[in-house]
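Asks: Right, I'll just put the structure down here and ask away after.
The values are calculated or read from the model by the stated rules, or taken from the named source; none is laboratory data. Since the model is a prediction, treat every value here as computed from it, not as a measurement. Neighbour counts are summed over all protein chains in view; Cβ atoms, including those assigned to glycine, are modelled from backbone coordinates with ideal geometry.
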């Protein structure tokens, strides 16, 4: 297929595809799906080999958020039956992180619900970063605390944070339909603050909220312009008790096309399969490793993931290997932590974004229930949405 050959060539050169080419990837048929995966897999292996980076989430503060993000189980007015608790102490967070690190994770993502941190909150998180780094040499720490005020990104960097996450989530034109208590521009501003402070930018999207193909391409092209080092791709978990509870718009094939499109547009960045992979990719998860080079291990913010042992077995069975602490994730030209340095002629600009802060179980996923009646193809798998009842903030060990 001429389209795929063109996209592979552009991906190996870090050249931006056209919007029409990106839209064409999303429009491919199921008959062509394996060809699409194989083509994007060439780009993934060129820049990242067969390594899979493992990340681990620690939910520092759950629920009680004043923002109205429609996808989020922690939103204002949410009726989802999630855990609610205030800030974990540094030693509690460090103990929670230890479970993921023992399972092979090399990055710990510290997430807190809310609009954004106060200066006192930044002090709390700084102490937590120190506690984790004191006990685990070489660990990467990414903070995800919401909208940042002036000077807060610099303080997090001084405390030892390596990265900051703040997702764009959806296209600028549809953002107001998803959230009204803050703006798309607010998110971009926070990303720019983090990048200017020297934090590695991490910013991604949520698919499955009823958006069009054009919306998906818009947000991924915006991410390319913001030039993050890592792009988490979340698949909406339609939590009961949230406005998007009935939005079951994704199939495994659709998820694979989205991941392939992201890889072609952002060829040399860490593409991470984030929330919802167990719910929407299901038995196709191993195939997705040909597109993404990073996943979360174990549980998520407000939903349970599949067992960490199952993740490790999946990676090995698919012919991939867990990225070691001594290995550098990003290609050499990006490894300085400052973006792709390609210049404006390829659509890559010197600003960035971050964000697992969407406070949501959508940065999360779910574990399978005991087998029951088979579910017809393309039917919603509501049986896979399991609210998290273990890990940080509970007396139960996390599922790592």
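Asks: Filter the range 170-188 down to the residues that are buried (at least 21 other Cβ atoms within 10 Å of the Cβ) and closer than 26 Å to residue 155 by Cα and list them by number.
Replies: 187
Asks: Oh, and also: Please work out if residue 56 is assigned to a loop (DSSP other than H, G, I, E, B) and under 30 Å from residue 114 (Cα atoms). Please lay out each step first, then the result.
Replies: Details: assigned to a loop (DSSP other than H, G, I, E, B): no; under 30 Å from residue 114 (Cα atoms): yes.
Taking the combined requirement at face value, the residue does not satisfy it.
Asks: Any idea which residue in the range 120-169 is farthest from residue 106 (Cα to Cα), counting only those that are in contact with a helix residue (DSSP H, G or I) (Cβ under 7 Å, 6 or more places away or on another chain) and modelled with pLDDT under 95?
Replies: 135
Asks: If I ask for residues that are free of Cβ contacts under 8 Å to residues at least 40 places away in the same chain and closer than 12 Å to residue 261 by Cβ, which ones from the range 21-56 would you list?
Replies: 24 - this is the single residue of the range 21-56 that is free of Cβ contacts under 8 Å to residues at least 40 places away in the same chain and closer than 12 Å to residue 261 by Cβ.
Asks: From the list 208, 241, 204, which one is in contact with a strand residue (DSSP E or B) (Cβ under 6 Å, 6 or more places away or on another chain) and at positive phi?
Replies: Result: 208 is the single residue among 208, 241, 204 that is in contact with a strand residue (DSSP E or B) (Cβ under 6 Å, 6 or more places away or on another chain) and at positive phi.
Asks: Report, by residue number, each residue of the range 7-26 that is within 22 Å of residue 253 (Cα to Cα) and surrounded by 11 or more Cβ atoms within 10 Å (Cβ to Cβ).
Replies: 7, 8, 11, 17, 19, 21, 22, 23, 24, 25, 26 - these are the residues of the range 7-26 that are within 22 Å of residue 253 (Cα to Cα) and surrounded by 11 or more Cβ atoms within 10 Å (Cβ to Cβ).
Asks: If a residue must be touching a residue at least 40 places away in the same chain (Cβ under 8 Å), surrounded by fewer than 19 Cβ atoms within 10 Å (Cβ to Cβ) and closer than 18 Å to residue 328 by Cβ, how many such residues does the range 137-151 contain?
Replies: 1
Asks: For residue 191, work out the one condition from (1) over 15 Å from residue 146 (Cβ atoms); (2) crowded, with 18+ Cβ neighbours inside 10 Å; (3) modelled with pLDDT under 95 it doesn't fulfil.
Replies: So residue 191 meets the others, but not (1).
Asks: For the range 170-195, give me each residue that is outside any helix (DSSP H, G or I) and either touching a helix residue (DSSP H, G or I) at 6+ places or on another chain (Cβ under 6 Å) or on the phi > 0 side of the Ramachandran plot (or both). Walk me through how you get there before you give the answer.
Replies: Step one: of the range 170-195, the residues outside any helix (DSSP H, G or I) are 170-171, 179-183.
Once the filter is applied, which keeps residues that are outside any helix (DSSP H, G or I) and either touching a helix residue (DSSP H, G or I) at 6+ places or on another chain (Cβ under 6 Å) or on the phi > 0 side of the Ramachandran plot (or both), the range 170-195 yields 170, 171.
Asks: On to the next question. Of 261, 209, which residue is over 14 Å from the mean Cα position of the chain (by Cα), touching a residue at least 24 places away in the same chain (Cβ under 8 Å), assigned to a helix (DSSP H, G or I) and buried (at least 21 other Cβ atoms within 10 Å of the Cβ)?
Replies: Every option except 261 fails the conditions.
Asks: All but one of (1) closer than 20 Å to residue 99 by Cβ; (2) in contact with a helix residue (DSSP H, G or I) (Cβ under 7 Å, 6 or more places away or on another chain); (3) part of a loop (DSSP other than H, G, I, E, B) hold for residue 291; which doesn't?
Replies: Of (1) closer than 20 Å to residue 99 by Cβ; (2) in contact with a helix residue (DSSP H, G or I) (Cβ under 7 Å, 6 or more places away or on another chain); (3) part of a loop (DSSP other than H, G, I, E, B), only one is false for residue 291: (1).
Asks: Kindly indicate whether residue 225 is more than 12 Å from the chain's Cα centre (by Cα), farther than 25 Å from residue 31 by Cα and not in a loop (DSSP other than H, G, I, E, B).
Replies: Against the criterion (more than 12 Å from the chain's Cα centre (by Cα), farther than 25 Å from residue 31 by Cα and not in a loop (DSSP other than H, G, I, E, B)), residue 225 qualifies.
Asks: Sticking with this structure for a sec: How many of the residues making up the range 219-228 are surrounded by fewer than 21 Cβ atoms within 10 Å (Cβ to Cβ) and closer than 11 Å to residue 172 by Cβ?
Replies: So the count comes out to 2.
Asks: Further, regarding this structure: Which numbered condition in (1) at pLDDT 95 or above; (2) more than 22 Å from residue 50 (Cβ to Cβ); (3) surrounded by fewer than 24 Cβ atoms within 10 Å (Cβ to Cβ) is the only one that residue 268 fails?
Replies: The failed condition is (2).
Asks: In the range 83-114, what count of residues is obtained for those that are part of a loop (DSSP other than H, G, I, E, B) and surrounded by 24 or more Cβ atoms within 10 Å (Cβ to Cβ)?
Replies: The total comes to 2.
Asks: Report whether or not residue 247 is farther than 22 Å from residue 34 by Cβ and either surrounded by fewer than 20 Cβ atoms within 10 Å (Cβ to Cβ) or without any contact (Cβ under 8 Å) to a residue 12 or more places away in the chain (or both).
Replies: Working: farther than 22 Å from residue 34 by Cβ: yes; either surrounded by fewer than 20 Cβ atoms within 10 Å (Cβ to Cβ) or without any contact (Cβ under 8 Å) to a residue 12 or more places away in the chain (or both): yes.
So residue 247 passes the test.
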